[in-house]
Structures are given as C-alpha cells and as structure tokens.
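Note sheet for the following structure.
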Amino acid sequence: MTAEIIDGKAFAAGLRARVGDVAAAFEAAAGRKAGLAVVLVGEDPASAVYVRSKGKATLAANMASFEHKLPADTDQATLIALVDRLNADGKVDGILVQLPLPKHLDEQAVLLRISPDKDVDGFHPVNAGRLATGMPGFVPCTPLGCLMLLKDQLGDLSGKEAVVIGRSNIVGKPMAALLTAASCTVTLAHSRTRDLPGHVSRADIVVAAVGRAGFVKGEWLKPGATVIDVGINRVDGALTGDVEFDSAASVAGAITPVPGGVGPMTIACLLRNTLVAAHRNAGIALDEAAL
Ligand code: GUN
C-alpha cells in the first residue's frame with residue numbers, strides 16, 4: 001500500500017470541537033443556544049440510530065436538540081403542521097426531517113415546506129439553486145464534508161480534474177457543484193456513462209457515491225490520485241465502500257477508509273450548518289470560512 005489514509009474521524013472530531021467553541025460563544029452573545037430540530041417518522045432502526053447520534057452530537061457541541069418522534073402512520077397534514085411550527089419557532093435554527101419517510105408520505109412536499117433558511121440538510125431546491133449560482137445558502141452535509149477533506153489534503157483545488165461517480169441530489173450533484181465552484185474541471189459520471197475507467201484514469205480527484213460495494217477498481221486510477229469514498233455498503237455484516245480499497249490504496253496518493261472516512265464528517269457538517277444558521281437567524285457575524 002502506498003496511499004496516505006485520510007482520517008475523516010480525526011478531522012470530524014476537530015470540526016466538532018471548533019463548532020462547540022463557537023456555539024458556546026454564540027450562546028453568550030445571543031442569550032440562547034443554537035438549536036437543531038430532528039424529525040423522525042416511524043421506527044426504521046437505522047434511522048433511529050442516526051437520529052440518536054445526531055442528538056448526542058448536538059448536545060456535545062453546546063447546542064440544543066429538539067427531537068420529534070412521530071408514529072409510522074402519521075399523516076401528511078400532521079407532519080406539515082409540525083414543520084410549520086418548527087419554521088416559526090425562534091429556538092429552532094435548523095430542521096432535519098430524517099429520510100426515508102414512510103411510503104404513504106410525500107417526501108418532496110415535506111422538504112419544500114422547510115424554510116430554506118433552516119434547511120441545514122441543504123435539500124430544499126432553493127438551497128440547491130443557491131449552490132448552483134454561488135449564493136450563500138446551505139450545502140448538503142456529506143458533499144460539504146468531502147470538500148473539506150479534499151481541501152485539507154490538497155490545498156487549492158484549482159485546475160484539478162475531478163470525476164464524481166453518482167448523480168444523486170444528496171451527494172453527486174452538489175459535490176459536482178462544489179468542485180466546480182472550487183475551479184476543478186468536473187466530470188459527473190453515472191450509471192449510463194460510457195468508458196468510466198477511461199474518465200477515472202484522467203482524474204486527480206475521484207469521489208465515489210454509487211452505492212455499490214467495491215465498484216471502483218484500483219487499476220482505473222491515475223497514480224497519486226486522491227480518492228474519496230462515500231459508499232456505505234454492508235457486505236457479510238461488515239461496512240465496505242464503493243471503492244475496492246486494497247487495489248486502490250496501492251495506486252492512489254490518498255484515500256478515505258470505510259468506515260472512518262467520509263461518514264463521521266456528515267454529522268460534523270450538520271452541526272456546522274446549524275451553527276451557521278443560528279448566526280444568520282440571530283444577525284450575529286460569523287467567519288463561516290474559518291469553521
Ligand atoms: N437519511 C440518511 N442520511 C440522511 C441525511 O443526511 N439527512 C436526512 N434528512 N436524512 C438522512
């Protein structure tokens with residue numbers, strides 16, 4: 001193995017500590033804590049685990065956590081009414097509705113109802129548009145975390161060739177927008193891409209977000225490339241990424257492990273976005289780039 005291992009767990013811990021310090025200063029200045037509301041509908045065990053760890057991380061970062069657990073048979077009007085109450089609540093700076101929602105609920109309508117200025121997930125089309133056009137808004141947490149790891153690893157990304165594999169609204173598309181804004185030359189590849197290995201072989205940066213274990217092979221990579229693996233796939237009870245780690249690590253310059261790479265960055269970025277929202281909502285200045 002030649003690649004440097006990018007320690008997302010350590011980077012995320014540092015970010016959470018910085019957020020905790022700034023959150024304490026926010027409380028002193030605003031007379032209240034920054035607040036994150038998390039809404040969980042139903043009893044999906046994986047979602048329940050995520051929501052619990054988000055709540056714990058929020059409290060540990062000196063912020064207030066408001067958990068709303070609704071039964072699986074909650075109707076659309078009840079959920080929309082809760083979102084409306086949270087939009088109007090001055091103690092709530094960020095709102096996260098845990099996805100996926102039960103099938104009978106209209107996910108798009110719920111996401112559209114969240115105030116774009118409290119949309120710390122960055123899923124509202126207004127925030128997607130702000131990202132696409134360079135206006136201040138909220139960027140989805142996972143691609144934001146990937147960008148932070150890349151900048152920490154490589155410094156200035158200007159002029160680099162980047163290939164993003166996967167075009168989801170939550171990861172691939174915002175990732176491509178962020179890398180474009182950072183002056184990379186971006187290829188957004190997906191399931192219909194012809195000659196994916198050919199595209200990947202030219203990339204200085206590869207971000208894999210396809211949801212297929214071991215899909216990206218080491219022999220596709222340009223020697224020295226930086227590889228960010230967003231995949232979280234369960235294979236025989238173990239977590240594995242979208243990149244075939246052993247073959248990739250013998251070619252890449254640096255690579256994120258799974259677990260311990262991108263994963264821990266998502267919650268850290270959620271806390272960061274909530275703290276940014278709190279400052280904006282309270283009209284208190286914050287050097288967002290320093291967080
Ligand atoms: N479900 C899995 N990950 C996420 C996330 O980052 N945000 C929301 N809202 N739901 C999720």
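Do we have residue 183 as under 21 Å from the mean Cα position of the chain (by Cα), assigned to a loop (DSSP other than H, G, I, E, B) and within 16 Å of the ligand (Cβ to nearest atom) here?
no
May I ask you to list the residues in region 121-137 that are among the small types (Gly, Ala, Ser), in contact (Cβ under 8 Å) with a residue 40 or more places away in the chain and either in contact with a helix residue (DSSP H, G or I) (Cβ under 6 Å, 6 or more places away or on another chain) or within 16 Å of the ligand (Cβ to nearest atom) (or both)?
122, 128, 132
Among 140, 102, which is the only one that is within 16 Å of the ligand (Cβ to nearest atom), farther than 22 Å from residue 269 by Cβ, in contact (Cβ under 8 Å) with a residue 12 or more places away in the chain and in contact with a Gly (Cβ under 7 Å, 6 or more places away or on another chain)?
Checking each option against the conditions leaves just 102.
Somewhere in region 68-83, is a residue assigned to a strand (DSSP E or B) and within 20 Å of the chain's Cα centre (by Cα)?
Within region 68-83 (the criterion being assigned to a strand (DSSP E or B) and within 20 Å of the chain's Cα centre (by Cα)), the answer is no, since none of the residues qualifies.
Listed residues 227, 276, 258, 251; which is touching a residue at least 40 places away in the same chain (Cβ under 8 Å), in a loop (DSSP other than H, G, I, E, B) and buried (at least 20 other Cβ atoms within 10 Å of the Cβ)?
251
Restricting the search to region 10-26, which residues are surrounded by fewer than 16 Cβ atoms within 10 Å (Cβ to Cβ) and of a type in the set (D, E, K, R)?
Within region 10-26, just 21 meets the criteria.
So the check is Cβ under 7 Å with 6+ separation or different chains; which pairs have a first residue in region 34-50 that's assigned to a helix (DSSP H, G or I) and a second one that's within 11 Å of the ligand (Cβ to nearest atom) and at pLDDT 95 or above?
47/40; 47/98; 48/40; 50/98
Check region 202-214 and report whether any residue there is outside any helix (DSSP H, G or I), on the phi > 0 side of the Ramachandran plot and either buried (at least 22 other Cβ atoms within 10 Å of the Cβ) or not polar (S, T, N, Q) (or both).
Yes, region 202-214 contains a residue that is outside any helix (DSSP H, G or I), on the phi > 0 side of the Ramachandran plot and either buried (at least 22 other Cβ atoms within 10 Å of the Cβ) or not polar (S, T, N, Q) (or both).
The values are calculated or read from the model by the stated rules, or taken from the named source; none is laboratory data. Source: prediction; values computed, not measured. Every residue, glycine among them, receives a Cβ derived from its backbone with ideal geometry; neighbour counts consider all protein chains shown.
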